[in-house]
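The values are calculated or read from the model by the stated rules, or taken from the named source; none is laboratory data. None of these values were measured; they are calculated from a predicted model. Don't worry about glycine lacking a Cβ; one is built from the backbone with ideal geometry, like all the others, and counts go over all protein chains shown.
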Amino acid sequence: MSCCSTTGTCTTSAGVTTLTVGAETAYRVSGMTCGHCEQAVTAEVSALEGVTAVRADAATGTVLVTATREIDEAALRAAVDEAGYELVGRI
């Protein structure tokens, strides 16, 4: 069973962290060059379960993802791919 603390980190009875509420993770994405690119990536990544906010920045080639739970990197990679770009990895 999990119990969330006031910091937003949930742990199991064994003390293993399983979820960070509102955690922001940065990823490098290649191929974005304009606002349309940012919108396409934002729309696809926003559709993932648990994602609460997405900020794509073509100028820096980054995507900041805020989520209520750990996002599966394969699902994130597929979402970015669906938008027409490549997820390079976590920053």
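Restricting attention to segment 58-75, the residues that are closer than 17 Å to residue 22 by Cβ, outside any strand (DSSP E or B) and modelled with pLDDT of 95 or more add up to 0.
Having 3 or more residues that are at pLDDT 95 or above, surrounded by fewer than 16 Cβ atoms within 10 Å (Cβ to Cβ) and not hydrophobic (A, V, I, L, M, F, W, C) is the bar; report the strands (runs of 3 or more DSSP E) wholly within segment 11-57 that clear it. The strands (runs of 3 or more DSSP E) meeting that bar are 51-57. Residues in segment 76-91 that are of a type in the set (D, E, K, R), in a helix (DSSP H, G or I) and surrounded by fewer than 15 Cβ atoms within 10 Å (Cβ to Cβ): 81, 82.
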